[in-house]
Amino acid sequence: MDAALIAALRNVLGEAGLVGSGSRLVPYESDGLAMLRHTPEMVLLPRTTAEAAHSMRLLAEAGVPVVGRGAGTGLSGGATPVEGGVVISLARMRDVLEVDPAGRLARVQAGVVNADLTRAAAPHGLFYAPDPSSQMACTIGGNVAENSGGPHCFMHGSTTRHILGLVIVCADGEVLDLSEPQPDPSGYDLIGSFVGSEGTLGLVTEVTVKLTRVPPVTETLLAVFPGLDGACDSVSDMIAARLEPSALEILDRLTIQAVEASVFAAGYPKTAEAVLLVELEGSALEVDVTSKDVLAILEQRGAIELRKARDPLERRKLWAGRKGAFGAMGRIAPDLYVADAVVPRTKLRRMVARTAEICRERNLRLATVFHAGDGNLHPNICYDRRDLDEVKRVLEAGRMILQECIAAGGSLTGEHGVGLEKLEGMDMLFKQADLATMCRMRDAWDPERRMNPGKLLPVRACREVRTNPLPGVEARDAAAGAES
Amino acid sequence: MDLHAQLTQVVGPGELDMWDGDAGGNLPRVAPNNIDEAVECLRLAHSNGLAVIPEGLGSRRTWTHQPKRADFVLSTRNMRGVLSYEPGDGTLSALAGTTCAELEQCVALGGHRLTPDLPRPQAGTIGGAVASGHSGFDRLRVGPLRHHILGVRALLGDGTLAKSGGQLVKNVTGYDMHRLYCGSFGSLCLLVEINLRLFPAPEEWAAVEFHAESRAQAAQAALDLEEMRLPLDAVLIQSPTDTSVRWTVLAFLSGRRAVIDVECDRVHSSLSDSNVKLEMQRGTEARSKREQCRDLEWDEQAGWAHLRLGVHPTGLPALLEQLDTCFAGSVAQFSIQPLIAEVQVRFEEPLTDTQAVAVHDRLLASGLNFHWRAAPDSLRSQGDIFGSAPTGIALMQRLQSTLDPQSVFARGRYLTGL
């Protein structure tokens, strides 16, 4: 990188705001998708929006690609600087700027950790609802970029429903201050279309979030099943009966064993084939009424054990097992391929069974833990990256699972994002015209396409969009056209 | 061949009429029967440099400015029907010209209710609702409409058909273009297909009504109701009328029957303690009262002008203070939804041009976030019924230029020339 540019950046950020060489760059080579790596030319650590904007202006003048990074907990390679350039880390932007209990909102710097925001809101009887499993580490800025979910998004919705305002540093260094919360957007919904854009439109530096009231009563149920089918069918029945729990999570046998052998041990029965965690929120009466209906369905679907958390401690323990599941799997294999796909909730049982078949056919070990209420599957394939043949089979299984989910009316990702990992899958789901339209939006924000290049859209330049839709997708589109 | 003949060639003679609208008098209005015909209409406009006004049933025509120039109106009214309703998944896909009433009836069969719960659902299309970002009477419970659009298919100005999102309740694949289109008032695309998330139909409804001596007392009562954590769909405060000098507070509840039974008892006890006389309705009566209040929001047939003021809840007390100043000299009635910070202002007699401009100038000076609905023509031709230019207007203009570079969708109807 040009010495004059480095000097100018040092002048803006100070010595502590630059990571320029050697082993200190290694942590920035990838996010949680460690199999895809690339070393950045430099890492910048601004402390304020002004520092970030000044840095971005300098980088724009020099034409340097920019990759934003929260905590690096993403699982799709979104923060991997695949085309080199500079990583801008939010690690030094960790201030909670304001908690407004009356307005039920908070304003934070984008590097604030998700769980820290809820901690700051807790004294006011409020919490921040999106709760990705990585919430102890992931940042609000990263959550905005990925439109992150989590177990309780079943009731409360993904990140986009909780963002009231943003401060964005655009590719040219201009600061777009959309932090003033308004009930509806004035003009086009810039915030709504920015959330989930995976860092390809700009760098978010401040976020105004909606805070949610802590419910009067929360009840957590654990249902143990002799097989995954019963757990999946219970969830489909609850959706069909229009019941409204706040979370519905399923763990399979291998996951249960990993959790129970780890520090996250939650007391799940080790011999169970599947457990279903159900959480209910609301007034005491609402919870009581819904709980009776839920228990009836669980029994009817063959639950062999039903347990209600007796106190907050037991509830936290049950959830610690679920949220620690990915970490716990380190015990059963050196590497884990965490897939993320969505299917209509009427097709849960079939798709869960199919993912197991695909892995079995390739002699792969599968641990499944997923947000069943949203139809958001996480088949986790265990592997050893030193075994190249196994890596090949893992990638093949991952592709097959996505293809089958799409053919079933599903989608590539429910919460991890497209990033680098699913770039090739985009043309299975979208036609060229769909992708080209997205490119047009990107061009309005970042005409030089320097923000997080090589992510989300399968293009180097939008004119190179490739299209290879699945036969099923073509047929569905044709049918829709005929019906219209 | 003239435009009329060219459009007739695309859709047939029965689907073309004249529209007594904006921009210098009558315009041809074409109603394609399917997406292919709509594509042809847009290609015709694109290749001939024509400007198009997208429309559903035209019920929100006065919610936008008069365009700078328009050559024909493109209506989705013939593109109607439910493409798929999945009761087991709680999702719906429909063509944009389907009325909200038709969708309500369809999903009721599977035990769902439609969001948005809009006034006069038989008079507006779902495409029009999404294009105008019109959230419904159930907003307090479920949030704004834009949160429940799962995906769309839209036609760009050059006739390109592009989809965004899908029909899944959770999905982060690709940009959420549908968020950009929602509330863009047809200035970016013509929506042709909408996918929505649905909510459970309640087992029981309740309506609670009582009076307060002042606006402040009524607002406090609304906050007290919220503190009780009731299953509220809406809380409405109505200003005094010719027949009453007091403010009216209405609360609408819905949910499981056992829950509503108990919650109604709680409301009754709580308000009885304060010596407030209340009326309570249940079931069909409550639902009918709710619909009556909901439909008041959009009663343009009465010849009133409507104005929607939106502020964040924290700004509501200040807004209430400003109301009297902003609307001095006009006979205005306020419907306030304090818990979602919305104020509808209705003028009981048509405003004169002078009155309308005076109110408008005071609103602009106040810095409030507002939007005139059913605005008088004197304001619609002026170009700022959406209030002052917001932050990011330059980016919005770039977005419009990249998505519709030839200005096929008539410019100037939305805010600041968009």
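Any read-out appearing in this document is the output of simple, stated calculations on the displayed coordinates, not a laboratory observation. In this text, all values refer to a predicted model and were calculated from it rather than measured experimentally. Here the Cβ positions follow ideal geometry from the backbone for every residue, glycine too, while neighbour counts run over all protein chains shown.
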Item checked: Protection proxy ranking of B:400-408, A:97-105 - average other beta-carbon atoms within 10 Å, highest first -> B:400-408, A:97-105
Notebook entry, point to check: Say each of A:VAL175 and B:ARG69 gets a label point 7 Å from the Cα, pointing the same way as Cα to Cβ; how far apart are those two points in nm?
Noted result: 4.0
Check: How far, in nm, would the chain grow between A:VAL217 and A:ALA137 when pulled straight, counting 0.36 nm per residue and subtracting the alpha carbon separation?
Finding: 26.1 nm
Item checked: For residues of A:441-447, the mean tally of beta carbons on other chains within 10 Å -> 5
Check: What full-extension length gain, to one decimal in nm, is calculated for A:GLU361 and A:ASN11 as 0.36 nm per residue of separation minus the Cα-Cα distance?
Finding: 120.3 nm
Next item on the list: Would you pull out the residues with amide H under 5 Å of A:LEU33's amide H, same chain only if 5 or more places away, H placed 1.01 Å from N?
Entry: A:SER76, A:GLY77
Next item on the list: At 7 Å along the Cα-to-beta-carbon direction for both A:ALA102 and B:ALA216, put a label point, then send me their distance in nm to one decimal.
Entry: 1.4
Notebook entry, point to check: If r is the Cβ-Cβ distance from B:ARG362 to B:ASN26 and R0 is 41 Å, what FRET efficiency results, to the nearest 0.05?
Noted result: 0.70
Notebook entry, point to check: Applying 1/(1 + (r/R0)^6) with R0 = 35 Å to the Cβ-Cβ distance of B:ARG398 and B:ASP377, what FRET efficiency is obtained, to the nearest 0.05?
Noted result: 0.70
Check: To the nearest whole number, what is the average tally of beta carbon atoms from other chains within 10 Å of the beta carbons of peptide B:257-264?
Finding: 3
Checklist line | Candidate lysines for bridging to B:LYS163, where Cα separation is under 20 Å - those fewer than 8 sequence places away on the same chain excluded | finding: A:LYS422, A:LYS431, A:LYS455
Next item on the list: With everything on Cα atoms, drop me the angle between helix A:348-361 and the longest principal axis of chain A, reported from 0 to 90° to the nearest 10.
Entry: 80
Notebook entry, point to check: So, by mean Cβ neighbours within 10 angstrom, what's the order for B:183-196, B:53-66, B:364-377 with the highest one leading?
Noted result: B:183-196, B:53-66, B:364-377
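What order do you get for A:SER179, B:SER378, A:SER148 when you list them from fewest to most C-beta neighbours inside 10 Å?
B:SER378, A:SER179, A:SER148
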Margin query: Using a Cα-Cα cut-off of under 23 Å, which lysines could be cross-linked to A:LYS270, ignoring same-chain neighbours fewer than 8 residues away?
Written below: A:LYS308, A:LYS317, A:LYS323
Next item on the list: Please find the FRET efficiency linking A:LYS308 to A:ARG399, where r is the Cβ-Cβ separation and R0 is fixed at 51 Å, and quote it to the nearest 0.05.
Entry: 0.80
Check: Which of the aspartates and glutamates could be linked to B:LYS170 by a straight reach, that is with a Cα gap under 13 Å, when you skip same-chain ones fewer than 8 residues away?
Finding: A:GLU146, A:ASP340, A:ASP374, A:GLU415, B:ASP89
Note to self: Tell me whether the range B:204-296 comes out rounded, prolate or oblate; compute the Cα gyration tensor, take square roots of the eigenvalues as a ≥ b ≥ c, and use a/c under 1.5 as the rounded threshold.
What the structure shows: oblate
Notebook entry, point to check: If packing is taken as the mean number of other Cβ atoms within 10 Å per residue, what is the order of B:265-274, A:347-356, A:278-287, B:161-170, highest first?
Noted result: B:161-170, A:278-287, A:347-356, B:265-274
Next item on the list: Tell me the label-point distance for the pair B:LEU223, B:ASP384, using the 7 Å Cα-to-Cβ offset, in nm and rounded to one decimal.
Entry: 3.3
